[in-house]
Structures are given as C-alpha cells and as structure tokens.
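Chemist: Below is the structure I would like to discuss, written out as structure tokens.
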Amino acid sequence: KGSDYIRDMNLDIIHVQTEAGIGMFARIMSKSFHIPLVYTYHTMYEDYTHYLNPLDLNLIDEGEKLIIRKFSKYWVNHSLAVIAPSMKTKKKLIDYGAHSPIFVIPTGLDLSHFDRRSLDQNILSSIRPSLNLTEEDHVVTFVGRIAKEKAIDIPIKALKYSKDENLHLVIVGKGTDLEYYQNLVRNLDLESRVHFTGMIDKPMVPYY
C-alpha cells in the first residue's frame with residue numbers, strides 16, 4: 001500500500017534522514033521507482049558504541065566501530081548526495097570511504113529566542129542567585145542531554161586546572177549519565193563550582 005502511494009506521487013526526489021525503518025523503506029522505493037535519493041547523516045554512531053558495550057571491552061568496541069564504518073559507507077555511497085550537519089561529520093564520512101558528494105548544512109537554530117531584549121528581565125536576573133552565583137562570577141553553560149558521548153567531562157576537568165576561582169560550569173539537562181558526571185565532580189572536589197540544574201522547561205532554556 002505504501003509503495004503504491006509513493007509511485008502515484010510521481011516524486012522528483014526522496015530525502016531520507018534516518019537509516020532503519022522508514023529509511024530502509026525509502027531506499028527500496030528509490031531503487032524500485034528510480035527516484036534519486038538524498039541522505040542526511042545526522043548521528044555520529046561511533047560516539048554511541050558504549051551503550052552496547054557495558055563491560056567496556058576494547059575488542060567489542062573496535063568491532064562495533066568497524067560495523068558502523070562499513071554501514072555508513074554503504075548508506076552514503078548509495079545516495080545521490082549527502083547532507084552533513086558539520087565539517088567534522090563530512091571529514092569522518094570521507095575517512096569511511098565515502099565518494100558521493102557531501103554538502104555541509106548545519107542544523108537550524110532560531111537565535112531570536114536567545115535575544116536578551118525579548119526576555120523577562122526579572123526572570124533573567126533570578127537565574128544566577130538561584131545557583132548561588134554572583135554577577136562577578138564567570139559562567140560557562142552546557143545545555144543538552146547528559147550522556148558520555150557529549151564529552152562533558154572535558155569542561156569539568158578543565159575547570160580543575162583553572163586558576164580562576166570565580167569560573168563556574170552550569171550543566172542544564174538530564175540524561176543516562178547524570179550520576180556519572182555528578183560523581184566525577186565530587187571526586188574532583190568541584191561541587192562548589194559545577195552546578196547541575198536537572199531538566200528545565202523549554203521556555204526557560206534561553207534564560208540559562
């Protein structure tokens with residue numbers, strides 16, 4: 001039924017943004033009806049192998065990465081063109097052996113939401129006191145999912161080497177590895193300079 005629907009649409013192009021499920025179906029339709037396929041490669045899967053390797057075994061990690069490289073190369077080279085969200089992704093795909101043309105188009109973000117002039121100044125001025133921060137403190141903020149592939153340990157460890165006692169790190173969000181990072185902060189004795197807010201409502205993100 002789905003293939004009949006695709007055929008009757010007389011599409012000029014198919015743009016697929018995922019690999020499994022609907023992505024596989026899209027590739028089958030592309031081949032069946034000779035419709036050019038463009039593919040956006042969103043996820044650096046090599047950064048996620050630890051989820052399938054709970055014992056952190058080197059041999060398993062290398063095997064998983066090899067499979068990812070082979071599949072990624074196949075997906076890319078069986079596409080008319082590829083969109084990568086960053087130069088990092090494009091270079092990685094070329095390292096995999098990609099020969100289809102790759103175009104870098106960053107994922108869009110509406111920056112108008114972060115214009116200080118459009119924010120409630122009372123709420124804005126309440127954020128620092130709620131985290132025991134002063135106007136004199138220098139603040140670095142991470143906003144996102146708290147997971148190992150986000151490499152939040154890099155700014156945390158960097159803070160340990162900073163001689164600026166007024167430098168603080170605010171980590172906004174939640175995720176599977178929140179406890180891991182909290183333990184890291186505790187072990188580095190940085191609890192007074194690293195602040196975890198947990199999950200916050202989307203309208204509050206610009207204030208942080």
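The values are calculated or read from the model by the stated rules, or taken from the named source; none is laboratory data. Remember, it's a predicted structure, so these values are computed and weren't measured experimentally. Because the Cβ atoms are built from the backbone with ideal geometry, glycine has one as well, and the counts that use them run over all protein chains shown. Accessible surface areas use protein heavy atoms only, side chains included; no ligands, DNA or RNA. Shrake-Rupley method; radii C 1.70, N 1.55, O 1.52, S 1.80 Å.
Chemist: Relative contact order for segment 117-208: what percent, with Cα pairs under 8 Å and sequence separation of 6 or more? All intermediate terms of the calculation are to be shown ahead of the outcome.
Modeler: Working: 98 pairs, mean separation 30.0, N = 92.
Rounded, it is 33 percent for segment 117-208.
Chemist: Mind ranking 107-119, 188-200 by how tightly packed they are, going by the mean number of other C-beta atoms within 10 angstrom, highest first?
Modeler: Highest-to-lowest ranking by the protection proxy: 188-200, 107-119.
Chemist: Over segment 46-118, calculate the relative contact order: mean separation of alpha carbon pairs under 8 Å at least 6 apart, over the residue count, as a percent. List each step's numbers first, then the result.
Modeler: On the way: 59 pairs, mean separation 18.8, N = 73.
After rounding, I find 26 percent.
Chemist: If you don't mind, another one. Ignoring ligands, DNA and RNA, what percent of the accessible area of segment 86-208 is carbon or sulfur (1.4 Å)?
Modeler: Working: 4410 of 8170 Å².
So the carbon and sulfur contribution to the accessible surface is 54 percent.
Chemist: Let me ask something else about it. With a cut-off of 12 Å, note down the residues of segment 184-208 whose backbone N falls inside the zone around a label point 7 Å from the Cα of residue 113 toward its beta carbon.
Modeler: Under 12 Å, as judged by backbone N against the label point of residue 113, lie 201-208 of segment 184-208.
Chemist: Still on this structure, I have one more. What do you reckon, how do 148, 70 stack up by accessible area (1.4 Å probe), largest on top? Show your work: numbers first, answer last.
Modeler: On the way: 148 90, 70 135 Å².
Sorted descending by solvent-accessible area, the residues read 70, 148.
Chemist: Considering only Cα-Cα distances, which of the following residue pairs are longer than 24 Å: 70/90; 150/174; 163/202; 88/150; 92/163; 65/157?
Modeler: On the way: 70/90 16 Å; 150/174 12 Å; 163/202 34 Å; 88/150 14 Å; 92/163 35 Å; 65/157 26 Å.
Beyond 24 Å between Cα atoms: 163/202; 92/163; 65/157.
Chemist: Using helices alone, I'd like the mean residue ellipticity at 222 nm for the chain: each DSSP H run of four-plus residues gives -39500 (n - 2.57), total over residue count, nearest 500.
Modeler: On the way: 7 runs with 79 residues, N = 208.
Theoretical 222 nm ellipticity from helices: -11500 deg cm²/dmol.
Chemist: Please work out, to two decimal places, the log10 of the ratio I(q)/I(0) at q = 0.19, 0.25 Å⁻¹ from a Debye calculation in which every Cα of segment 17-92 carries one identical scatterer.
Modeler: -0.85, -1.17
Chemist: On to the next question. Could you report segment 9-159's accessible area per residue, 1.4 Å probe, as an integer in Å²?
Modeler: Details: 9860 Å² over 151 residues.
On a per-residue basis, 65 Å².
Chemist: Related question: Per residue, what accessible area does segment 163-204 have, given a 1.4 Å probe and all protein chains present, in Å²? Before the final figure, lay out the partial values.
Modeler: Numbers: 2620 Å² over 42 residues.
For segment 163-204, the solvent-accessible area averages 62 Å² per residue.
Chemist: A follow-up question, please. Working only with C-alpha atoms, what are the Rg and Dmax values of the chain, expressed in angstrom?
Modeler: Gyration radius and largest Cα-Cα distance of the chain: 22.1, 66 Å.
Chemist: How many angstrom separate the Cα center of segment 1-71 from the Cα center of segment 158-177?
Modeler: 36 Å
Chemist: In percent, how large is the relative contact order of the chain, given Cα pairs closer than 8 Å and 6 or more residues apart? The partial results should precede the final answer.
Modeler: Details: 229 pairs, mean separation 28.5, N = 208.
About 14 percent, as a whole number.
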